[in-house]
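Worksheet: the structure to be examined is printed underneath.
Just so you know, all these numbers are worked out from the coordinates, no wet-lab data involved. Keep in mind it's a predicted model, so treat the numbers as computed, not measured. So basically every Cβ, Gly included, is an ideal-geometry build from the backbone, and we count neighbours across all protein chains shown.
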Amino acid sequence: MNDRITTIGERNPNLPFHPAVRAGDFIFVSGQVAKDEKGNMCVGNIEEETRWTIESIRRILKQDGADLEDVVKITVYLEDARNFGRYNKVFAEYFPGGRIARTTVEASAAIECKIEMDAVAYKPRG
């Protein structure tokens with residue numbers, strides 16, 4: 001890895017990737033699911049899991065001085081597309097104004113969860 005690409009967060013020793021990678025002015029956050037501050041899985045309804053997932057993204061971004069307002073793109077994987085409206089309402093609370101690019105698809109994650117998200121943030125180094 002060159003010096004313009006750095007890793008963010010603690011890598012799970014059982015997985016071959018980091019929670020996020022900075023490449024230049026961009027931060028690429030790996031797929032996140034509903035977890036608490038200690039990394040424990042949280043199970044709830046789609047609204048709760050959406051909040052926990054977005055907060056997981058926020059915690060990772062903060063490790064490199066960024067936050068949700070720096071996010072420019074999110075890909076969302078919903079276990080059940082019938083939950084779209086409920087998830088979308090929570091999503092809009094975190095990203096008011098819709099100044100973000102987003103893709104939402106119905107797909108099952110490799111682990112049991114209702115939602116998974118990855119994100120790209122733009123945050124130039126100070």
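Which residues, taken from segment 104-116, are of a type in the set (Val, Ile, Thr), surrounded by 10 or more Cβ atoms within 10 Å (Cβ to Cβ) and without any contact (Cβ under 8 Å) to a residue 40 or more places away in the chain?
Thr104 - this is the single residue of segment 104-116 that is of a type in the set (Val, Ile, Thr), surrounded by 10 or more Cβ atoms within 10 Å (Cβ to Cβ) and without any contact (Cβ under 8 Å) to a residue 40 or more places away in the chain.
Which of (1) over 21 Å from Phe26 (Cα atoms); (2) in contact (Cβ under 8 Å) with a residue 60 or more places away in the chain; (3) surrounded by 15 or more Cβ atoms within 10 Å (Cβ to Cβ); (4) not polar (S, T, N, Q) is the odd one out, the single condition Ala119 does not satisfy?
Going through (1) over 21 Å from Phe26 (Cα atoms); (2) in contact (Cβ under 8 Å) with a residue 60 or more places away in the chain; (3) surrounded by 15 or more Cβ atoms within 10 Å (Cβ to Cβ); (4) not polar (S, T, N, Q) one by one, Ala119 breaks only (1).
Output the number of the condition that Val72 fails; it satisfies all remaining conditions of (1) in contact (Cβ under 8 Å) with a residue 40 or more places away in the chain; (2) within 19 Å of Trp52 (Cα to Cα).
Checking Val72 against (1) in contact (Cβ under 8 Å) with a residue 40 or more places away in the chain; (2) within 19 Å of Trp52 (Cα to Cα), the one that fails is (2).
Can you tell me which of (1) surrounded by fewer than 13 Cβ atoms within 10 Å (Cβ to Cβ); (2) among the aliphatic types (A, V, I, L, M); (3) out of contact with any strand residue (DSSP E or B) (no Cβ under 9 Å at 6 or more places or on another chain) is the one Ala101 doesn't meet?
Every condition holds for Ala101 apart from (3).
Within the group Ile27, Ile8, which residue is hydrophobic (A, V, I, L, M, F, W, C), touching a residue at least 40 places away in the same chain (Cβ under 8 Å) and touching a His at 6+ places or on another chain (Cβ under 9 Å)?
Exactly one residue qualifies, and that residue is Ile8.
Scanning segment 99-123 for residues that are part of a strand (DSSP E or B) and of a type in the set (D, E, K, R), which turns out nearest to Trp52 (Cα to Cα)?
Only one residue tops the list, namely Glu116.
Please verify whether Glu79 is more than 20 Å from Tyr122 (Cβ to Cβ), in contact with a strand residue (DSSP E or B) (Cβ under 9 Å, 6 or more places away or on another chain) and not aliphatic (A, V, I, L, M), treating the condition exactly as stated.
Judged against the criteria, Glu79 is a match.
Quick check on my filter: what residues within segment 37-60 are of a type outside the set (Asp, Glu) and more than 12 Å from the chain's Cα centre (by Cα)?
Listed by number, the residues that qualify are Lys38, Gly39, Asn40, Met41, Cys42, Val43, Gly44, Asn45, Ile46.
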